[in-house]
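The structure appears right after this line, and notes come after that.
The values are calculated or read from the model by the stated rules, or taken from the named source; none is laboratory data. Keep in mind that what you see is a predicted model, and the values were worked out from it rather than measured. Virtual Cβ from ideal backbone geometry, glycine too; neighbours counted across all protein chains shown. Note: areas computed on protein heavy atoms with side chains; ligands, DNA, RNA excluded. Shrake-Rupley method; radii C 1.70, N 1.55, O 1.52, S 1.80 Å.
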Amino acid sequence: MELIDSFDRKIEYVRLSVTDRCNLRCFYCLPRGKRSFQPREDCLSYEEIERLIAAFAELGVSRVRLTGGEPLLRKDLPVLIRKLDRIPGITDLSLSTNAALLKDTAVSLRDAGVRRINVSLDTLSPGKFTRITGGQLGPVLDGLMAAKAAGLSPIKLNVLALRGINDDEFEDIALFCLEHGFTLRFIETMPVGSGGRKAAEHYLDLREVEDLLAARFDLVSSDMTGGGPARYVRVRDSNLHIGFITPISRHFCANCNRVRLSVDGTLYPCLGQEHHHPLRQLLREGISDATLKNIIVETIQRKPQKHEFREKPWQVIRFMSATGG
Ligand code: SF4
């Protein structure tokens with residue numbers, strides 16, 4: 001089976017938010033004072049998530065990324081990972097984390113079936129880290145080193161490019177990745193939620209970042225691929241791959257291959273639009289697998305062509321933590 005939308009795009013990738021809670025408060029995602037989150041009874045159980053992902057797999061989905069909020073906050077996450085890893089057709093299981101809880105969980109994640117991880121880290125400066133996230137840098141660096149020691153690979157560092165905040169560090173972050181064998185990716189800010197619109201004040205076109213890095217490093221073409229929209233270059237005579245994720249300056253919607261599932265069981269066909277379809281109640285009312293798959297197919301048929309971040313920056317109300325990036 002293949003999930004093809006009305007723009008002839010094959011949907012093979014589900015980004016699954018297993019919690020909307022987080023142990024950090026990045027200003028571009030969650031407001032510092034936010035305390036209200038999805039009530040536990042409205043969060044999908046691991047059995048419900050397994051059933052949903054199995055339906056997607058039967059429809060041709062092969063990649064699942066666990067996101068949040070912060071997914072490592074979800075209790076017994078390796079139990080869910082083992083369930084998803086056993087689903088026929090799911091060949092790529094990965095995780096996005098802020099790494100603050102990774103030091104004590106990296107090995108159990110690996111043993112459960114996670115093969116590769118993305119870590120969000122916008123700065124190597126402890127003071128700046130606290131200003132951006134409200135948290136401490138130390139545990140994040142410990143988490144990264146634990147993931148490296150556990151053999152998770154690749155480890156990709158996601159850096160949100162913020163003009164006037166971290167654009168004086170890109171060279172140092174690149175050297176940090178070079179030293180530790182991490183892959184580096186820069187991401188442009190997106191007006192998702194009030195935090196995203198605040199971050200847009202620090203928008204930085206990644207062409208400027210690429211020029212800046214090209215002035216310091218000898219950049220050559222890269223053969224690195226991934227399930228996502230990043231375009232990569234490599235530093236000559238090294239294994240440092242640098243990726244650029246450019247939803248604003250050069251969007252990649254024409255090749256979109258993904259949808260998002262939030263912790264309360266809502267299917268979001270597009271990060272940049274508010275279109276959604278709640279699935280939890282249907283599951284709890286005993287919907288059949290056949291009907292569930294039909295609803296997924298119909299929802300994918302209504303997947304929007306692209307985001308309208310430039311045209312309608314106010315449009316996406318939900319916080320980024322509701323669906324994960
Ligand atoms: S904005 Fe929507 S259509 Fe564009 S790449 Fe993201 S999810 Fe796909």
Note to self: With every atom except the alpha carbons ignored, what do you get for Rg and Dmax of the stretch 19-71, in angstroms?
What the structure shows: 14.1, 41
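Treat every Asp and Glu Cβ in the chain as -1 and every Lys and Arg Cβ as +1, leave all other atoms uncharged, and give the resulting dipole magnitude about the Cα centre to the nearest 20 debye. Don't jump to the answer; show the numbers that get you there.
Values: 46 positive and 41 negative charges, 103 e Å.
So the dipole magnitude of the chain works out to roughly 500 debye.
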Margin query: Just to be sure I understand the curve: with the Debye formula and one point per C-alpha of the stretch 136-241, what is log10 I(q)/I(0) at q = 0.19, 0.23 Å⁻¹?
Written below: -1.10, -1.38
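Can you tell me the mean projection area, over all orientations, of the convex hull of the stretch 186-314's alpha carbons? Units nm², please.
Seen from a random direction, the Cα hull of the stretch 186-314 projects 10.1 nm² on average.
To the nearest 20 debye, what charge dipole does the stretch 89-144 have about its Cα centre, counting +1 at the Cβ of each Lys and Arg and -1 at the Cβ of each Asp and Glu? Please report the intermediate quantities before stating the final value.
On the way: 6 positive and 5 negative charges, 25 e Å.
I would put it at about 120 debye.
Looking at the stretch 149-204, which chymotrypsin sites (Phe, Trp or Tyr not before Pro) are in a loop (DSSP not H, G, I, E or B) and have at most 15 other Cβ atoms within 10 Å? Each step should come with its number before you reach the end.
Details: sites: Phe170, Phe176, Phe182, Phe186, Tyr203; in loops: Phe182, Tyr203.
The qualifying sites are Tyr203.
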Next item on the list: Please identify the cysteines of the chain that lack any partner cysteine with a Cβ under 4.7 Å from their own Cβ.
Entry: Cys22, Cys43, Cys177, Cys253, Cys256, Cys270
Note to self: Please list, ordered by chain and number, the residues whose modelled amide H lies under 5 Å from the amide H of Leu157; skip anything fewer than 5 residues away on the same chain.
What the structure shows: Val119, Thr183, Leu184, Arg185
Next item on the list: Enumerate lysine pairs in the chain that are 8 or more residues apart or on different chains, then count those whose Cα atoms are under 16 Å apart.
Entry: 10
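Compute the accessible area per residue over the chain, keeping the other protein chains in place, probe 1.4 Å, unit Å². It would help to have the intermediate numbers written out before the result.
On the way: 13650 Å² over 325 residues.
Ligands and nucleic acids excluded, the figure is 42 Å² per residue.
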Next item on the list: Given the peptides 261-267, 6-12, arrange them by the average over their residues of other C-beta atoms within 10 Å, most packed first.
Entry: 261-267, 6-12
Check: Which whole-Hz couplings ³J(HN,Hα) result when phi for each residue of the stretch 314-323 is put into the Karplus expression 6.51 cos²θ - 1.76 cosθ + 1.60, θ = phi - 60°, listed in order with x for Gly and Pro?
Finding: 8, 5, 8, 7, 4, 6, 4, 5, 6, 10
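What value, in deg cm²/dmol to 500, does the helix sum -39500 (n - 2.57) over DSSP H runs of n ≥ 4 give at 222 nm once divided by the residues of the chain?
Roughly -9000 deg cm²/dmol at 222 nm, from the helical runs in the chain.
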Notebook entry, point to check: Under a point-charge model restricted to the Cβ atoms of Lys and Arg (+1) and Asp and Glu (-1), what is the dipole moment magnitude of the stretch 114-189 relative to its Cα centre, in debye to the nearest 20?
Noted result: 380
Check: Along the charge dipole of the stretch 186-325, Cβ charges K/R +1 and D/E -1, which of Ile287, Ser222, Leu267 sits furthest on the positive end?
Finding: Ile287
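Under the √(5λ) rule applied to the eigenvalues of the Cα gyration tensor, what semi-axes describe the equivalent ellipsoid of the stretch 13-323? Give them in Å, descending. Numbers along the way, then the final one.
Numbers: eigenvalues 182, 94, 77 Å².
Each semi-axis is √(5λ); the values are 30, 22, 20 Å.
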